[in-house]
Every structure is written in structure tokens, then in C-alpha cells.
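Enquirer: Quick one: this structure, given as C-alpha cells, is what I'll be asking you about.
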Amino acid sequence: MSAWETVIGLEIHAQLATRSKIFSGSATAYGAPPNAQASLVDLGYPGVLPVLNAAAVRMAVKLGLAIDAQVTAHSVFARKNYFYPDLPKGYQISQYELPIVAKGAIDIVLEDGTVKRVGITRAHLEEDAGKSLHEVLPGVTGIDLNRAGTPLVEIVSEPEMRSAKEAVAYMKKVHTLVRYLGICDGNMQEGSFRCDANVSVRRSGSDKFGTRAEIKNLNSFRFVERAINYEVERQIELLESGGQVVQETRLYDPDKGETRSMRSKEEANDYRYFPDPDLLPVELDAAFIESVRATLPELPDQKAARFSREHGLSAYDAGVLTASRELADYYEAVVAAVPEEPKLAANWVMGELAAALNRDNLEVGSGKLPAARLAGLLQRIVDQTISGKIAKEVFEAMWAQGADADAIIESKGLRQITDRSAIERVIDEVMAKNPGQLAEYRAGKDKLFGFFVGQVMKATDGKANPAQLNELLKKKLGG
């Protein structure tokens, strides 16, 4: 593998979160009965005219500003001619020579902690196709045109990624960004966010690109990584055995873990692009672009930098906490209630909370454990009402019962013992019951300190204050 270099570019398709389609007034809500949300425009009837959705334009401009790209003042819609079984008019309205966004970039963090900038060639508006449903009846394919005409922004990267992991990191970053901007819900299971991966290999040190294969419609980060890794191995094996890579479109089969040929890859001239005669060019003035800029939220990288600066978090922790807008907002709500312990709050949000959400397949905003309740638990650690170990027990009860920390602590009698004389009495009892271990400790077997800690904790049901226990135990054991 070291003799070869991988070259990857991604074409990410993000469905825009408009309430109606890009060229018709049909609704875009997911899950409606087949063909219930398809108008005559979506069905391609003769004589109908497309009307551009202004909200889709605004969202595309918002993306362009967020990736520090050129938002073009003059862009044009074109017809992309191709046989689409699920677009009845036989062409897709897209943008080709003059897209609405050009020449942007996104920074990704690699596994070794270094930052890599991935260029974005363009981002253009287009309409989505419908769906072919092959499971309707045996041997029968149904067509659902509810999705036809749903607005998409296609984000085309430069071929600058060199491994499947880099491609996944880039895709995750774009996924985070479009959700922060509120322009796409990012739901990959519903097809709102998916990508095509262009993959080729070349000899290490070569500056000439190899022949690429395009893997279509990847709708999970795991599938992206597996499909690219399989394709890289396939191409290297083919080239090393004396064969040639054919430029083609391939599909990834997740059940078999392999890509397979779908059709020969089309070039731009195969699509016979020409400006759509039914749509005027899109003209954007500076005032419009600035009005969109004013709506930009704090972006993920900006928020991560602020978390590091204000809360003393590492770049890694800040990156994890800002991976979704909802998680970042939750963390900030916890920190607002426990401002003296931002690192403790980060550890619990990334640790126990994230594990519980993952275990129950829930999102941060599910309401299962509001930020105020978690903050209440952390306040009891800070004021030494409970220890960190007991807090985990309290957390699980809070998660299961939906109760506040104080109620759980009182009902279970979990308050920490902070009375020094009470802890000393238990230490004396433990030492009296274990004279042999005491003699060994005083003879130099320091590892037995942990034994005595465990015995005292056992005798107090884990309620002895750990810091006080360690301090008093050292004095007592020392004689």
C-alpha cells in the first residue's frame, strides 16, 4: 500500500430545509404517502414553468459565506440531460458553468491532531430526483415523486483527501456545518445528507491523477469509509496485476462489503448542458449577501476556539463538544450553572451523558436529562455532598426515573460523610480488624494503602469523603 497514494474527492448532496420545493409549491415533508407531494411541475407536464424558491438561494449563500467562498453575483441554472427514471421531464435543473458558490475551504482535524484544509471547488443548487421503489411487488418497480424537485446544494470538494479517514472527517465537518447553519437536517437515514465519492490511486510521488471510479449514494459515515477502503484495494490489486482501472460509476453493497459496477462514467459533455430557457439568471447584490451574512450563527470552529479560550478545554474536548449545535448548547447550559468547573462539566457531558444517549439511541435534545438536572448533580460533587463515584450511581437513577439529583440522594441516603471524627472512628475499626496488613504496611508494603481505602469505603458504603479519607488514613497508618 505504501507504494500507492489514494486520491479522494467528495460530492456531498445536502437537501435544503425549505418547506416547499425548489421550483414548485409542493411540500417537502418526509414520510408522506407516495406521490402525495408532487405537483404538475414535479411531474414534468408540458407547459408548466418552474419558479425559483428564494429560501433555497438564501441557504446556498449562507453556506458560501460560512466556508469563506466566493458567492457569485451572477449564476445560471442549466438543464442536465440524462435518462432519469424518477424525473419525468428527462432532465435535471442544476447549475454548471456558473454556480452560486465557488472556491471555498473547510478545515478538518486529522488523527494526529494536525489541521488540514480541504478546498471546495463549488457548491451549486439543483433539484433532487424521485425514488424508485423495487420492493412494491415482485418484478415491479414503483416510482415515488415526492422527493422530485426537493432543493439540494451539491458541495464538490477538490481531490485533496488521501485516506478514507480523511474523507470521513471532511464529511462529518460538512454535516456539522450545514446543521449549525440550519440549512439541512442532516438525516442520513432519510437521504437528506449523502455523498458520491470519487476514488483513484497513483504511484507514490506521482503528480498525475489515476483513473477514478465514482461510488454513488453513500448515506452513512461507516459506509463511506468501508466503500473507499474496498475501492482503493480493488484498484491497487487491478493495477498490480497488469490491468487498468475503468472510469465508471459503482455502487457500494453494505451486505457484501464491496463495490460493484453500475454504468460507465459520464463526462460533462454527455449531459448536453445548456442554460434553462425557463429560468432567468440569479442576480445577487451586495446588500442581499450582507443581509444573509448578518444571520450567520457562531460557527463550529469559532465556538470550539471560544470553549478553549473561556473554559480552558483542550482542542480535542472543544471539538467533541461542538460537533453538534445541540451538544454545544447543552454544555453551555451546564457550565452556566456550574461556572467554576467547566472541565468537570465537559467530562460528564462527553462521558456519562454521551454513553447514556448512545445506549438508548437518543439525541441530546430528547429531554431525557435536561441540562439543569445534570448541573444539579455536578453541584453536589462540587459542594462535596456526594463523591464522583456515588455521582455515577445517582446519574443512573436520574436517567431511569427522571428525578432531580437531590431527590435521589435523599431517598437513597447517599450523602457523603465529611465528619472527620466519624471517618477516624471507621479507620480505627478497620485497622483493629486487620493487624497483619497494618504491620506489613508499616514495614514498607505501601501498596496496602489501597486495601485500607477499600475497607473504609466498604464500611461506609462508599460515602466517606475521598480526600479526607486519604489524608486521615495516611496519618493513622503512619502511627
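Enquirer: Spot the failing condition for Thr121; the list is (1) within 24 Å of Leu284 (Cα to Cα); (2) in contact with a Leu (Cβ under 9 Å, 6 or more places away or on another chain), and only one is missed.
Expert: The single condition Thr121 does not satisfy is (2).
Enquirer: Out of Val61, Val51, I need the residue that is among the β-branched types (Val, Ile, Thr), out of contact with any Lys or Arg (no Cβ under 7 Å at 6 or more places or on another chain) and either outside the structural domain of Leu284 (by TED's automatic domain parsing) or assigned to a loop (DSSP other than H, G, I, E, B) (or both). Which one?
Expert: Residue meeting the stated conditions: Val51.
Enquirer: If you take the residues of the stretch 219-229 that are surrounded by fewer than 21 Cβ atoms within 10 Å (Cβ to Cβ) and not aromatic (Phe, Trp, Tyr), which of them is farthest from the chain's Cα centre (by Cα)?
Expert: Looking at the filtered set, the residue picked out is Asn229.
Enquirer: Is the stretch 369-379 home to any residue that is over 18 Å from Ala345 (Cα atoms) and surrounded by fewer than 13 Cβ atoms within 10 Å (Cβ to Cβ)?
Expert: no
Enquirer: Shifting gears a bit: Can you report the number of residues in the stretch 177-200 which are closer than 21 Å to Ala56 by Cβ and of a type in the set (S, T, N, Q)?
Expert: The total comes to 2.
Enquirer: Within the stretch 262-277, is even one residue acidic (Asp, Glu) and at pLDDT 95 or above?
Expert: yes
Enquirer: I would also like to ask the following. Looking at this structure, is Gly319 assigned to a helix (DSSP H, G or I), under 21 Å from the mean Cα position of the chain (by Cα), small (Gly, Ala, Ser) and surrounded by fewer than 17 Cβ atoms within 10 Å (Cβ to Cβ)?
Expert: Taking the combined requirement at face value, the residue does not satisfy it.
Condition check ((1) surrounded by 13 or more Cβ atoms within 10 Å (Cβ to Cβ); (2) under 26 Å from the mean Cα position of the chain (by Cα)) across all residues:
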position: Ala102; (1), (2): yes, yes
position: Ile108; (1), (2): yes, yes
position: Lys116; (1), (2): yes, yes
position: Glu126; (1), (2): yes, yes
position: Ala129; (1), (2): yes, yes
position: Gly139; (1), (2): no, no
position: Asp144; (1), (2): yes, no
position: Glu160; (1), (2): yes, yes
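Enquirer: Continuing with the same structure: For the subset of the stretch 435-452 comprising residues that are more than 52 Å from the chain's Cα centre (by Cα) and in contact (Cβ under 8 Å) with a residue 24 or more places away in the chain, which member is farthest from Leu469 (Cα to Cα)?
Expert: Arg442
Yes/no matrix, rows are residues, columns are (1) aromatic (Phe, Trp, Tyr); (2) in the same structural domain as Asp112 (by TED's automatic domain parsing); (3) farther than 27 Å from Lys173 by Cα; (4) surrounded by 15 or more Cβ atoms within 10 Å (Cβ to Cβ):
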{"residue": "Glu231", "(1), (2), (3), (4)": "no, yes, no, yes"}
{"residue": "Arg234", "(1), (2), (3), (4)": "no, yes, yes, yes"}
{"residue": "Arg250", "(1), (2), (3), (4)": "no, yes, no, yes"}
{"residue": "Ala304", "(1), (2), (3), (4)": "no, no, no, yes"}
{"residue": "Ala315", "(1), (2), (3), (4)": "no, no, no, no"}
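Enquirer: I need the full set of residues from the stretch 132-142 which are in contact (Cβ under 8 Å) with a residue 60 or more places away in the chain and either closer than 24 Å to Ala14 by Cα or touching a His at 6+ places or on another chain (Cβ under 7 Å) (or both), in order please.
Expert: Leu133
Enquirer: Do you know which of the residues in the stretch 465-477 that are more than 11 Å from Asp428 (Cα to Cα) and at pLDDT 80 or above is nearest to the chain's Cα centre (by Cα)?
Expert: Asn470
Enquirer: If Pro33 satisfies all but one of (1) at pLDDT below 95; (2) surrounded by 15 or more Cβ atoms within 10 Å (Cβ to Cβ), what's the number of the condition it fails?
Expert: (2)
Enquirer: Has the stretch 262-270 got at least one residue that is in a strand (DSSP E or B) and among the hydrophobic types (A, V, I, L, M, F, W, C)?
Expert: yes
Enquirer: Return a yes/no flag: does the stretch 391-414 have any residue that is among the polar types (S, T, N, Q), in the same structural domain as Ala346 (by TED's automatic domain parsing) and at pLDDT 90 or above.
Expert: Checked against the condition, which is being among the polar types (S, T, N, Q), in the same structural domain as Ala346 (by TED's automatic domain parsing) and at pLDDT 90 or above, the stretch 391-414 yields at least one hit.
Enquirer: Could you pull out the residue among Lys216, Lys173, Lys208 that is in a loop (DSSP other than H, G, I, E, B), surrounded by fewer than 21 Cβ atoms within 10 Å (Cβ to Cβ) and either among the charged types (D, E, K, R) or over 21 Å from the mean Cα position of the chain (by Cα) (or both)?
Expert: When all the criteria are applied, what remains is Lys208.
Enquirer: Ok, one more. Regarding Gly376, is this residue modelled with pLDDT under 90, in the same structural domain as Pro339 (by TED's automatic domain parsing) and under 21 Å from Glu332 (Cα atoms)?
Expert: When the stated conditions are applied, Gly376 does not pass them.
Enquirer: Would you be able to tell me the number of residues in the stretch 1-30 that are surrounded by fewer than 19 Cβ atoms within 10 Å (Cβ to Cβ), in contact (Cβ under 8 Å) with a residue 40 or more places away in the chain and either among the aromatic types (Phe, Trp, Tyr) or closer than 27 Å to Thr141 by Cβ (or both)?
Expert: Selection size over the stretch 1-30: 3.
The values are calculated or read from the model by the stated rules, or taken from the named source; none is laboratory data. Predicted model only: the values in this text are computed from it and were never measured. Ideal geometry is used to build each Cβ from the backbone, glycine not excepted, and the neighbour counts take in all protein chains shown.
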